[in-house]
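Worksheet: one structure, shown below.
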Amino acid sequence: MLIIDNLFKNITNNLLLEEKNIQHLYGCSSCGYEGMLHRHGHYKRNVVTLTQHFVISIQRFLCPSCGKTFSLLPSFLIPYFIYSYDVVIYCLNSVFTLKNKFTDVCSFLHNSNNQCFISIQSIGFFKKRFLSKVDIVNSFFASIDSFHYDCDLSFFTKDKAQALLISKIMDFDVCNSFNYQFFRKTPRYFLSP
């Protein structure tokens, strides 16, 4: 099972502190065990950001009660994606809000990071996956700010509603990590199937 954690808010902090073994995980969501889970090794993961490619270490934990393993992902990663959360949000913002063509987005990413081999198909996949999650993302925002968030998406065109949600995600990321909070409030990962 993957758990998104907000301890490392960016990749630089993750790289600087990963050797210190300061991560601890308490409580098993599988069996209800409330104590500290045991470190159970780690694995390497490739991450492509807006400017560089990194290989980072993902810590694994083991529940001593039921034997279930957990991997602790930093909030700048989306489970099962090689591209960082920032790259995916950049692509979605460029397509929905700025109305850029997929080829223009690819060109920008290739120019800013020569190790980024993102394709038009990848951006199309991000778009398709986001469109399948529009209602869940809208519900997330309604649940965290029900007093001020009175956005009924049916009042907007589809394009305007999608751009509005991307803008809300980007505004939310200024003071919080949307990826982390979305995982905590909903029983799923952002952009997961």
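Within region 153-178, residues that are under 15 Å from residue 86 (Cβ atoms) reach partners that are open to solvent by 50 Å² or more (accessible area, probe 1.4 Å) and among the polar types (S, T, N, Q) with beta carbons closer than 7 Å, at six or more positions or on different chains, in the pairs 166/97.
In the set (1) surrounded by 17 or more Cβ atoms within 10 Å (Cβ to Cβ); (2) under 20 Å from residue 179 (Cα atoms), residue 118 fails one condition alone, (2). When region 59-111 is examined, which residues are found to be open to solvent by 40 Å² or more (accessible area, probe 1.4 Å), of a type outside the set (A, V, I, L, M, F, W, C) and over 30 Å from residue 28 (Cβ atoms)? Result: 86, 90, 97, 99, 100, 101, 103, 104, 107, 110, 111.
Restricting the search to region 134-160, which residues are surrounded by 18 or more Cβ atoms within 10 Å (Cβ to Cβ) and either among the β-branched types (Val, Ile, Thr) or modelled with pLDDT of 90 or more (or both)? Quick ask: steps written out before the conclusion?
So in region 134-160, the residues surrounded by 18 or more Cβ atoms within 10 Å (Cβ to Cβ) come out as 137-138, 140-141.
If the condition is that a residue be surrounded by 18 or more Cβ atoms within 10 Å (Cβ to Cβ) and either among the β-branched types (Val, Ile, Thr) or modelled with pLDDT of 90 or more (or both), then 137 is the only one that fits.
Quick one: is residue 178 farther than 18 Å from residue 50 by Cβ, of a type in the set (Phe, Trp, Tyr) and touching a Phe, Trp or Tyr at 6+ places or on another chain (Cβ under 8 Å)?
Working: farther than 18 Å from residue 50 by Cβ: no; of a type in the set (Phe, Trp, Tyr): yes; touching a Phe, Trp or Tyr at 6+ places or on another chain (Cβ under 8 Å): yes.
Here the answer is no, as residue 178 does not meet what is asked.
The values are calculated or read from the model by the stated rules, or taken from the named source; none is laboratory data. Bear in mind that the values here come from a model prediction, so they are computed numbers and not experimental data. With ideal geometry, Cβ positions are generated from the backbone for all residues, glycine too; neighbour counts draw on all protein chains shown. We work out accessible area using only protein heavy atoms, side chains counted, and drop any ligands, DNA or RNA first. Shrake-Rupley method; radii C 1.70, N 1.55, O 1.52, S 1.80 Å.
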